[in-house]
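One structure is given here, and the rest of the page talks about it.
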Amino acid sequence: MSGSQVPVAADLAATDDIGWAVRLLAATPTHEHRDPELLRRWARAADAFGSALAPVACDARIVERDGGLELGLLARYTSRPPTVELYTDTIDLAERVVDARGWRDWYPPGSVRAAALAHEAVHVHLHHGPAKSALKRALGHSALRLGRLRVSGHVAGAEEVAAHAYARTVCGLGRSPLLLTAALAAETESGTAPGTTPSPARDARREN
């Protein structure tokens, strides 16, 4: 989808939050040939799940550093020891992109950092608690059926969608951070040609 043409190069906001969530899922390995309507159902379910999560505290150590632009990261969680790394150079670029595109009403000053931290906090929450199983049930994807027994399956990328929806909700954003990561991809990916719509950028890689 990274080469889909749009009428105006800068009008990434014409795609709504669910649309960007569908693009994220479609760009995730194992989903290349999935029915678009199935991806949309999963996107809606994951978005609703993340939006409904109660606020989650971040108990990990928080470290701020440069180097995110080279890595293509806004933030990253590592588990040994539990640490959330926030990349200030990428966050600063994201704030400039917000101003340049006129999105300040959606992303108030300081909200990029807050959303990145919230995003990582909910990943930790999903990784270590029962919420991960609850997300699987909400998605309704069956990995195995034996009579009445149904084993919920993993949907790659759904946790990302849920984390973005959570960050949007708890930070009071007007749009999902997925839109902002797509704009960052347009700024930083050398292969993005003018007049094309990029897939949402990954804002984190996790080492668990």
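The values are calculated or read from the model by the stated rules, or taken from the named source; none is laboratory data. Keep in mind that this is a model prediction, so the values were computed, not measured. Quick reminder, even Gly has a Cβ in these numbers, built from the backbone with ideal geometry, and neighbours come from all protein chains shown. Ligands, DNA and RNA are excluded from the accessible area calculation, which covers all protein heavy atoms including side chains. Shrake-Rupley method; radii C 1.70, N 1.55, O 1.52, S 1.80 Å.
On the accessible surface of segment 72-133, probed at 1.4 Å, how many percent belong to carbon and sulfur atoms?
Numbers: 1440 of 2550 Å².
After summing per-atom areas, the C and S share lands at 56 percent.
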Q) Expressed as a whole number of Å, what is the distance separating the alpha-carbon centroids of segment 22-41 and segment 152-181? A) 15
Q: Pull up all non-local amide H partners of residue 62: gap of 5 or more, or a different chain, and H-to-H distance under 5 Å with H placed in the peptide plane.
A: 84
Q) So for segment 40-99, what are the equivalent ellipsoid semi-axes in whole Å, largest first, each being the square root of 5 times an eigenvalue of the Cα gyration tensor? A) 25, 19, 11
Q.
Once the cut-off is 17 Å, how many percent of the Cα-Cα pairs in segment 1-128 end up in the long-distance tail?
A. 68
(Q) From the alpha carbon gyration tensor of segment 15-56, can you work out the equivalent ellipsoid semi-axes (sqrt of 5 times each eigenvalue) and give them in Å, largest to smallest? (A) 21, 10, 9
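Of the listed peptides 63-75, 161-173, 37-49, what is their order by residue-averaged count of other C-beta atoms within 10 Å, with the highest listed first?
Values: 63-75: 16.4, 161-173: 24.4, 37-49: 19.0.
Those peptides, ordered most packed to least, come out 161-173, 37-49, 63-75.
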